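Down below is the structure, laid out as structure tokens.
Read the figures in this text as sums done on the coordinates, not as results from a lab. Bear in mind the structure is a predicted one, so any value in this text is a computation, not a measurement. Note: ideal-geometry Cβ built from the backbone for every residue, glycine included; neighbour counts use all protein chains shown.
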Amino acid sequence: MARFELKLPKMGESVAEATITNWLKEVGDKIEADEAVLEIATDKVDSEVPSEVSGILVEQLFGKDDLVQVGQTIAIIETEGGETANPEAVNAVQEIAAPAEAVEIEKTIESVKETVTSHDFSGSDKFFSPLVKNIAKEEGLSLSELENIAGSGKDGRVTKEDILKYVEARKSGSVQAPQTVEAAPKVVAEIPKTEAPKAVEPVVQKSQQAVPVSVNGADEIVEMDRMRKLISGYMVASVQTSAHVQSFIEVDVTNIVKWRDKVKAAFEKREGEKLTFTPIMMEAVAKALKDFPGMNISVDGDYIIKKKNINLGMAAALPNGNLIVPVIKNADQLNLVGMAKAVNDLGNRAKAGKLKPDDTQGGTYTVTNVGTFGSVFGTPIINQPQVGILALGAIRKVPAVIETPEGDFIGIRQKMFLSHSYDHRVVDGALGGSFVKRVAEYLEAFDVDRDF
């Protein structure tokens with residue numbers, strides 16, 4: 001029998017780690033090639049990890065909610081064959097099977113070392129994300145301070161917002177840094193060699209988030225799911241980071257409506273794809289971003305990063321009510337057919353929960369279609385670290401003044417509102433307003449006789 005190492009696969013250039021959310025197979029279960037073994041989650045999307053081979057699952061090297069790096073072995077699968085397919089797996093399993101006492105003592109020693117070395121947090125019993133650790137190191141927080149921060153994340157985990165709030169309070173003097181570094185060596189000296197490791201416990205009490213209680217007993221209390229918590233954190237962080245300001249413009253899209261009604265049947269027959277209004281709008285946005293590259297940027301501290309590629313995010317509502325933003329890469333290089341195929345592909349995979357982590361990475365500007373749910377316009381929140389987001393309102397038949405050489409008259413036109421939210425730290429009204437006006441000009445100049 002051969003042993004195969006199932007590793008966490010590469011999920012995109014900017015994705016370095018993922019959290020195990022659920023094991024679909026247990027030890028002893030038979031697995032077929034390409035069958036999903038476990039579910040994982042990055043900071044933006046959930047996905048499954050399939051097996052590359054058929055066999056029996058003999059080891060799970062990580063548990064639920066564990067954070068795993070790309071390329072790490074997460075399971076051992078026993079396959080039919082002679083020699084061990086991955087000799088390193090044997091050593092990995094032997095390490096996992098080390099005596100519990102030795103493991104506990106080693107963890108105790110490491111914990112004390114990390115307490116003395118105040119800016120290295122790997123020895124803590126609590127889980128901290130790499131982002132939280134980096135912020136703590138940059139701000140000079142000690143291990144005891146980090147452990148004492150009340151976490152609002154799952155199982156009391158400290159989020160980016162939690163640590164930033166603590167840092168602000170610390171700078172303002174409303175909280176004092178606990179003095180625990182000097183006490184750590186004394187704790188080590190007082191532990192007899194034969195005493196159980198459990199005698200060493202963090203001296204700082206870990207605060208837990210209180211569960212709300214229904215006052216009248218009739219209210220239903222439901223905890224947010226993982227994605228809703230992430231979205232909540234992103235939205236609050238964006239509002240706290242960017243100075244949001246909006247510009248609105250009304251657009252006459254009568255020609256677009258007429259053209260789509262005329263060609264949508266032929267388009268679907270030839271391309272095998274439905275033609276919606278979204279790819280037409282995305283095409284206009286991509287053109288406008290080429291005209292105004294100052295909107296295709298991101299902010300990093302005091303620096304502006306000018307993006308070479310135009311990667312359009314399209315906000316999509318999921319069946320469970322959550323939101324996700326898949327990205328159309330190099331959108332300015334696509335014709336209308338290519339744009340329609342990209343929009344439909346990402347939209348369908350988003351609804352089916354089949355997006356890959358890389359599908360949500362690298363966006364430089366975002367479009368959200370609030371008109372899908374009947375909204376005339378909206379004030380969307382910027383998708384960080386981008387500096388702008390465009391909301392497409394519902395298309396409506398309205399009476400409008402039509403100018404002709406013979407004079408003005410009232411007619412029925414198809415109109416919609418574009419709502420542009422932008423970051424006033426780096427985008428002023430002239431640029432923000434000119435950009436959305438250019439999008440409107442492209443839409444109103446749409447050629448009703450064009451081919452698709």
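Couple of notes before you dig in:
- Per-residue Cβ neighbour counts within 10 Å put I410, I76 in the sequence I410, I76, beginning with the fewest.
- Förster radius 35 Å - calculated FRET efficiency between A33 and N322 (Cβ-Cβ, nearest 0.05): 0.65
- Burial ordering of I297, I305, fewest other beta-carbon atoms within 10 Å first: I305, I297
- Residue exposure sequence - T278, T159, T372 - by fewest surrounding Cβ within 10 Å: T372, T278, T159
- R0 of 41 Å, Cβ-Cβ distance E52-L336: FRET efficiency to nearest 0.05: 0.60
- Placing pseudo-labels 7 Å out from each Cα toward the beta carbon at E17 and A237 gives an inter-label distance of 1.3 nm.
- With the convex hull constructed from alpha-carbon coordinates only, the stretch 291-375 shows a mean projected area of 7.0 nm² over all directions.
- Over 22 Å between alpha carbons, listed pairs K25/K351; K290/K397; K264/K308; K329/K356; K287/K437; K307/K329: K25/K351; K290/K397; K264/K308
- Modelled label positions at K437 and K126, each set 7 Å beyond Cα in the direction of Cβ, lie 5.1 nm from each other.
- Computed from the C-beta positions of A169 and A218, the FRET efficiency with R₀ = 25 Å rounds to 0.10.
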